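One structure below.
The values are calculated or read from the model by the stated rules, or taken from the named source; none is laboratory data. Not measured: the values here are computed from a predicted model. Note: ideal-geometry Cβ built from the backbone for every residue, glycine included; neighbour counts use all protein chains shown. Please note that ligands, DNA and RNA were not included when accessible areas were found on the heavy atoms of the full protein model with its side chains. Shrake-Rupley method; radii C 1.70, N 1.55, O 1.52, S 1.80 Å.
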Amino acid sequence: MSGPALNDFVIRVGNVNGTGSASANGLLMKAIFRMGIPCIGKNVFPSNIQGLPTWYEIRVNGDGYMGRSGDIHLMIAMNAETYAKDLACVTPGGYLIYDSTWPRPHMLQRDDITVIGVPLSQMVNETFQVARSRILMKNMAYVGAVAALINMDMHVVKAMVEDMFASKQKLIPSNMQALELGLNYVKENIDHPLPFTLEKMNKTKGKVMIDGNTAAGLGCVYGGATVGAWYPITPSTSLMDSFVKYCHKLRIDEETGEHKFAIIQAEDELAAAGQALGAGWMGARAFTPTSGAGISLMNEFIGFGYYSETPAVFFDVQRVGPSTGMPTRTQQCDIMTTAYCSHGDTKHIVLYPADPKECFEMAVNALDLAERFQTPVFVLSDLDIGMNDWMIDELTWDDSYVPDRGKIVTRQQLDEGFEFFRFLDVDGDGIPYRTLPGTHPTKGAYFNRGSGHNKWGKYTEDSDEYKEVVDRLIVKWQNSRHACPQPVLRKASKFGGKKPSAGIIAIGSSDPAVIEAQERLAAEGIHLDYLRVRAFPFADAVEDFMAEHDTIYVVEQNRDAQLMTLLVNETNVTKNKLVSVKYYAGEPLSYKFVMGEITAQNNQRQTA
């Protein structure tokens, strides 16, 4: 199992929402990153503004594993209300730090961990006079204490403080002072460093720390989106914030000051969907970010976009449902919703990014696919990808990129006699030609309708004419599988195994946990191929993978095995080949969970 060891351990901070701990925790994680050591940060926070418990988990791993491990080696318990829970979650042999300002003679104990008291409140109360400052500085004080315990490079930590408050220079001295309080207390009163520490590496060169929503917003800018329509909803709001930020940097004419973009905050999610589709019909590249609850409200317009063949991109940053659910927790619970969104017979293109890098890339892919196939396209992220910082390769861009606008009839073609009928399949690929408003003063106009229409674009209630159009729509959708991002295969042979009879299928943020579980299972003699699916409709490679293996473990983050259901519905796989591995508690998936479930299932199948 992983850690604790040099550059291989997990820190978890338990605090109270609204106390300013996010900045301190982010500083701690990014300082480790700047030391050249691979790490990730996972934030578990409540849906209120202030007062409820929040946790932040940092995994340090010199080997570069980017999923949660399932261990907690150093717990910083800053919230008295969650002390019992925080104490219980520490891995045997681990350490717990708490604020020892107030004696707790009856405090819960464990014999298999070490508890360290640091009088954080006492130190900051004696040093700082303003109440709010005391709350904030206590966070910086525990950063200093942790820095001493795990041997952090204080030059890096202090440089981080200077960067953090570069625009508020007057705050730097007080934060430096708070750091020193925690650092010096540990140096003078506690045996240090701990058995697991940090040592500088050079494994973050060419890497960046970024969250998926920021990357997706930037991808929309680079992909040519000029219209963003939205209604605020957790956890997707920061995606539009990112788009706005980068539009102001990259989309304002330097000479005229003209904004070459439109941001529309709608009155609700349904309106946002309609605005994005309206912009797509006009010829703009448009998108709307939302979450599962918003997708539910958008269903009517999504069905309209599918049937009227109007392009738009829908980012679904998934959260825990149903209903309001737990809006600040993560799941993969909209797999079925997005695949078949709206009433009637609809099937959609859905992309499954696994990290912020793919959020950036698939934002561009989705904008191209929406216009090429003239249809709504979904990018199915989740809160873990969207709001947490991930270490990824630096983003790159091909300056020769040309947007795929699909089949658009030009004025010249209309003047030359192109016979235009909006829903007519001329080429046999299921995709008709479209015109954009204003293309020609007298030719190429059509009535865009969500009611029954025939291939000529006229209203109809004729059964055969209706069937001809919807049958073409399914051909178009089926053909899109060749244009969508293809699956990624990690063979067991990479780890010395022979061709196995079993494999794993997963999507999205499950990827880092599955990658690590695959490697660790191989070390224990359980060899598995792993296919990460990146789009729906499923590529031919998905069908081939399932045909080549007798057992397929389908790893996903929802209760009802939605990915497995979709595989059964949309492929020829025999259902009894599939074994469901489900995690849906709302926190990011860990390799230990995946490994434990597959090991148990494997043992059970061998003894059956």
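One table, with the values for the structure above:
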{"item": "Qualifying residue in the range 308-316 (condition: open to solvent by less than 10 Å² (accessible area, probe 1.4 Å), in a helix (DSSP H, G or I) and in contact with a Leu (Cβ under 9 Å, 6 or more places away or on another chain))", "result": "yes"}
{"item": "Some residue of the range 1-19 being farther than 16 Å from Ala147 by Cα, of a type in the set (A, V, I, L, M, F, W, C), part of a loop (DSSP other than H, G, I, E, B) and not assigned by TED's automatic domain parsing to the domain that holds Asp511", "result": "yes"}
{"item": "The range 256-278 residues that are open to solvent by 60 Å² or more (accessible area, probe 1.4 Å), paired with ones that are charged (D, E, K, R) and modelled with pLDDT of 95 or more (beta carbon under 6 Å, 6 or more apart)", "result": "Lys260/Arg251"}
{"item": "Number of positions in the range 126-169 that are open to solvent by less than 30 Å² (accessible area, probe 1.4 Å) and hydrophobic (A, V, I, L, M, F, W, C)", "result": "16"}
{"item": "Test: residue in the range 302-310 that is of a type in the set (S, T, N, Q) and either within 21 Å of the chain's Cα centre (by Cα) or not assigned by TED's automatic domain parsing to the domain that holds Phe373 (or both)", "result": "no"}
{"item": "The range 368-417 - residue that is over 29 Å from Lys347 (Cβ atoms), open to solvent by less than 60 Å² (accessible area, probe 1.4 Å) and among the hydrophobic types (A, V, I, L, M, F, W, C) and, of those, nearest to the chain's Cα centre (by Cα)", "result": "Trp390"}
{"item": "Candidate set: the range 186-208, residues that are of a type outside the set (Gly, Ala, Ser) and over 18 Å from Ala148 (Cα atoms); chosen: the one most open to solvent (accessible area, probe 1.4 Å)", "result": "Lys205"}
{"item": "Tally of residues being within 23 Å of Asn125 (Cβ to Cβ) and either part of a helix (DSSP H, G or I) or not assigned by TED's automatic domain parsing to the domain that holds Leu28 (or both) across the range 158-189", "result": "21"}
{"item": "Residues that are small (Gly, Ala, Ser) and either loosely packed, with under 13 Cβ neighbours inside 10 Å or in a loop (DSSP other than H, G, I, E, B) (or both), drawn from the range 89-125", "result": "Gly93, Gly94, Ser100"}
{"item": "Pair list, Cβ < 7 Å and 6+ apart or interchain, from the range 585-608 residues that are open to solvent by less than 30 Å² (accessible area, probe 1.4 Å) to residues that are of a type in the set (Lys, Arg) and part of a loop (DSSP other than H, G, I, E, B)", "result": "Gly586/Arg329"}
{"item": "Residue satisfying all of: in the range 561-584; in contact (Cβ under 8 Å) with a residue 24 or more places away in the chain and under 29 Å from Ile40 (Cα atoms); most open to solvent (accessible area, probe 1.4 Å) among these", "result": "Tyr584"}
{"item": "Scan of the range 44-84 for residues that are of a type in the set (D, E, K, R), open to solvent by 20 Å² or more (accessible area, probe 1.4 Å) and closer than 29 Å to Ser236 by Cβ, ordered by number", "result": "Arg68"}
{"item": "Scan of the range 1-18 for residues that are in contact with a Gly (Cβ under 9 Å, 6 or more places away or on another chain) and either polar (S, T, N, Q) or buried (at least 18 other Cβ atoms within 10 Å of the Cβ) (or both), ordered by number", "result": "Ser2, Pro4, Asn7, Asp8, Phe9, Val10, Val16, Asn17"}
{"item": "Single condition Ala84 does not satisfy, out of (1) within 24 Å of Met140 (Cβ to Cβ); (2) at pLDDT below 95", "result": "(1)"}
{"item": "Residue satisfying condition, being farther than 18 Å from Phe304 by Cβ and more than 34 Å from the chain's Cα centre (by Cα), within set Thr442, Thr460", "result": "Thr442"}
{"item": "Qualifying positions in the range 47-62 - within 18 Å of Asn139 (Cβ to Cβ), within 18 Å of the chain's Cα centre (by Cα) and not aliphatic (A, V, I, L, M)", "result": "Tyr56, Glu57"}
{"item": "Subset of the range 451-494 [open to solvent by 60 Å² or more (accessible area, probe 1.4 Å) and closer than 30 Å to Arg520 by Cα]", "result": "Gln486, Leu489, Lys491, Ser493, Lys494"}
{"item": "Test result for Ser510, open to solvent by 30 Å² or more (accessible area, probe 1.4 Å) and either hydroxyl-bearing (Ser, Thr, Tyr) or without any contact (Cβ under 8 Å) to a residue 60 or more places away in the chain (or both)", "result": "no"}
{"item": "Subset of the range 324-359 (residues that are assigned to a helix (DSSP H, G or I) and either modelled with pLDDT under 95 or open to solvent by less than 10 Å² (accessible area, probe 1.4 Å) (or both))", "result": "Ile335, Thr338, Ala339, Pro356, Cys359"}
